[in-house]
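Note sheet for the following structure.
The values are calculated or read from the model by the stated rules, or taken from the named source; none is laboratory data. Quantities reported herein were computed from a predicted structural model and do not represent experimental measurements. For neighbour counting, all protein chains shown are included, and Cβ atoms are generated from backbone atoms with ideal geometry for every residue, glycine included.
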């Protein structure tokens, strides 16, 4: 029950925030939704934010790839050590 109340509260908060931000967007009379989307997509502020977000994501992906590479190298070295010791035991 508590989780449902938190969920409803979160949805209400989100609706409030979206509702308070909506009047800030200037919509011309008789402007189609498609035209509004194109206008908002081409907005310089929106373009700048999309570029910043793309750069942040690219940087994070590079960091994650580096971490994965280091982890894989570490596991490969450990596996190589174990396989050498196993091979030595089998040779005797």
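Name the pairs: first residue in region 46-65 and closer than 21 Å to residue 36 by Cα, second residue in a helix (DSSP H, G or I), Cβ to Cβ under 7 Å, at least 6 apart or on different chains? Qualifying pairs under 7 Å: 46/40.
Note on region 21-61: among residues that are surrounded by 10 or more Cβ atoms within 10 Å (Cβ to Cβ) and in a loop (DSSP other than H, G, I, E, B), the one that is modelled with the lowest pLDDT is 25.
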